[in-house]
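The block underneath contains the structure these notes are about, expressed in structure tokens.
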Amino acid sequence: MLFHSCCDVRPEVAAFESYEPGLSIAEIAERYGLSRVIKMASNENPLGVSPCVRQIIADKACEAFRYPQSGNPRLVKTLAAHCGVDASRICIGNGSDEIIDLLFRIRCVPGVHNAVAFRPCFGIYPTQARMAGVELRQTPLRPDFSFDFEALLSLVDENTTLAFVTSPDNPSGRIADVEELEKLARALPPACLLIVDEAYTEFAGPEHSLLGRLDSLPNVALIRTFSKVYGLAGLRIGYGILPPALADYMWRVRLPFSLNILAEEAALAALDDAEFRDQTVSLVRRGRALLSEELAAMGCEVLPSMSNFVMFRPAPEAITAKALHGELLRRGIIIRALGGYHLPDWLRVSVGTDEENQLFLQYTREILGA
Ligand code: PMP
């Protein structure tokens with residue numbers, strides 16, 4: 001392909017649209033003249049940052065002039081112990097987004113290999129596939145948003161090198177059955193890596209993860225994050241639990257300092273803070289049960305969630321999702337409209353603190369006249 005100008009770019013890049021960020025608290029406060037705005041849109045931790053982690057970040061600020069230790073050996077060792085896996089399986093990234101991006105780039109030859117996923121899926125899979133020049137084949141989730149693994153398998157051919165399943169899923173909150181996941185892993189051709197994206201796994205519980213079965217499943221990788229249960233979305237820390245040979249390649253090609261020095265210290269402190277993690281999990285489980293029950297009582301259709309958010313749609317005769325979203329915004333509550341997932345009738349609310357959940361429910365009831 002001949003380029004004519006110094007600003008010509010790869011066709012994949014030329015076709016890219018800018019990332020549309022969610023609405024910010026400051027934006028909504030200004031637009032509606034509000035003094036308090038609550039964000040329940042990005043599945044962040046309702047408790048914020050753990051006090052121990054805050055302290056460590058402050059204490060270690062004086063180290064910020066140093067480069068991090070390449071390979072992050074302290075965090076690798078601690079994570080391996082935490083997960084009960086060999087350290088050779090762990091690779092850490094600048095958010096799990098980086099791990100996903102690297103998987104496309106290390107496992108897919110552009111224009112040759114393909115990847116498969118469900119539709120809708122987490123938006124980073126299609127964007128990073130496109131950026132890597134890789135075809136992403138998608139099959140719809142069932143109408144109730146459960147996983148049709150047979151349909152996913154039917155997309156796989158000899159050039160499929162990655163298969164993505166998100167469990168619990170985003171945006172539905174649905175969990176995949178571990179036995180079915182294991183069956184899927186065994187049914188995939190040996191060249192295809194099954195990636196189970198476990199960004200929200202802590203809210204479901206360890207019995208829903210393939211973690212304990214990895215030694216008998218050579219073609220399975222798990223990806224996890226510090227953005228949710230550890231309350232560190234802004235520091236960008238994610239990790240993969242991978243077949244050791246792949247983890248090794250990942251470390252070789254990853255930018256050497258993609259995990260910054262304060263993020264590494266924060267992650268170590270967060271792993272040590274079981275109390276904050278437990279508090280977060282129990283708050284989220286209590287909150288999602290309350291939100292699910294109350295929204296259903298208002299006549300909304302609610303999907304069963306094992307995550308830290310709830311997906312629902314208001315009864316069509318009551319109000320449109322768009323109108324409910326807008327009315328909540330005017331009252332200072334930001335939830336997620338799912339137009340970007342091609343689900344314009346649905347909304348997703350992240351579990352907040354008890355007070356935030358009550359306020360969201362009170363306003364929703366008011367708006368619906370329920
Ligand atoms: N996977 C899923 C399913 C997610 O929803 C998210 C975050 N929204 C991520 C991965 C990315 O997490 P991180 O902040 O670690 O990049």
Subject >> Residues satisfying the stated conditions in the range 64-74, i.e. more than 18 Å from R252 (Cβ to Cβ) and surrounded by 12 or more Cβ atoms within 10 Å (Cβ to Cβ) >> reply: R74
Subject >> Residue list for the range 182-212, restricted to those being in contact (Cβ under 8 Å) with a residue 40 or more places away in the chain and among the hydrophobic types (A, V, I, L, M, F, W, C) >> reply: L193, I195, A199, F203, A204, L211
Original post:
Considering the range 73-106 alone, what residues qualify as being without any contact (Cβ under 8 Å) to a residue 40 or more places away in the chain and not small (G, A, S)?
Top reply: P73, V76, K77, D101
**OP:** Kindly check whether there is at least one residue in the range 141-152 that is assigned to a helix (DSSP H, G or I), surrounded by fewer than 19 Cβ atoms within 10 Å (Cβ to Cβ) and acidic (D, E).
**Re:** yes
Original post:
Do we find that P304 is surrounded by fewer than 23 Cβ atoms within 10 Å (Cβ to Cβ) and out of contact with any Pro (no Cβ under 8 Å at 6 or more places or on another chain) in this structure?
Top reply: yes
**OP:** With respect to Q128, determine if the residue is under 29 Å from P344 (Cβ atoms), touching a helix residue (DSSP H, G or I) at 6+ places or on another chain (Cβ under 6 Å) and either among the polar types (S, T, N, Q) or outside any loop (DSSP other than H, G, I, E, B) (or both).
**Re:** yes
**OP:** State the number of residues belonging to the range 4-38 that are more than 30 Å from G111 (Cβ to Cβ) and either part of a loop (DSSP other than H, G, I, E, B) or of a type outside the set (A, V, I, L, M, F, W, C) (or both).
**Re:** 13
**OP:** Could you please let me know if S70 is more than 16 Å from the ligand (Cβ to nearest atom), among the hydroxyl-bearing types (S, T, Y) and under 23 Å from E265 (Cβ atoms)?
**Re:** yes
Original post:
Pairs, please: C-beta under 8 Å, at least 6 apart or cross-chain, first residue in the same structural domain as A151 (by TED's automatic domain parsing) and in the range 162-175, second of a type in the set (K, R) and within 11 Å of the ligand (Cβ to nearest atom)?
Top reply: P171/R336; P171/R348
Original post:
If you go through the range 232-284 one residue at a time, how many are within 21 Å of L193 (Cβ to Cβ), hydroxyl-bearing (S, T, Y) and out of contact with any Gly (no Cβ under 9 Å at 6 or more places or on another chain)?
Top reply: 1
Subject >> Cβ-Cβ under 9 Å pairs, at least 6 apart or on other chains, the range 309-332 side part of a loop (DSSP other than H, G, I, E, B), far side among the acidic types (D, E) and surrounded by fewer than 18 Cβ atoms within 10 Å (Cβ to Cβ) >> reply: P314/E301; P314/D345; A315/E301; P316/D345; I319/E327; T320/D345; R331/E366
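The values are calculated or read from the model by the stated rules, or taken from the named source; none is laboratory data. Since this is a predicted model, take the numbers as computed values, not measurements. Neighbour counts are summed over all protein chains in view; Cβ atoms, including those assigned to glycine, are modelled from backbone coordinates with ideal geometry.
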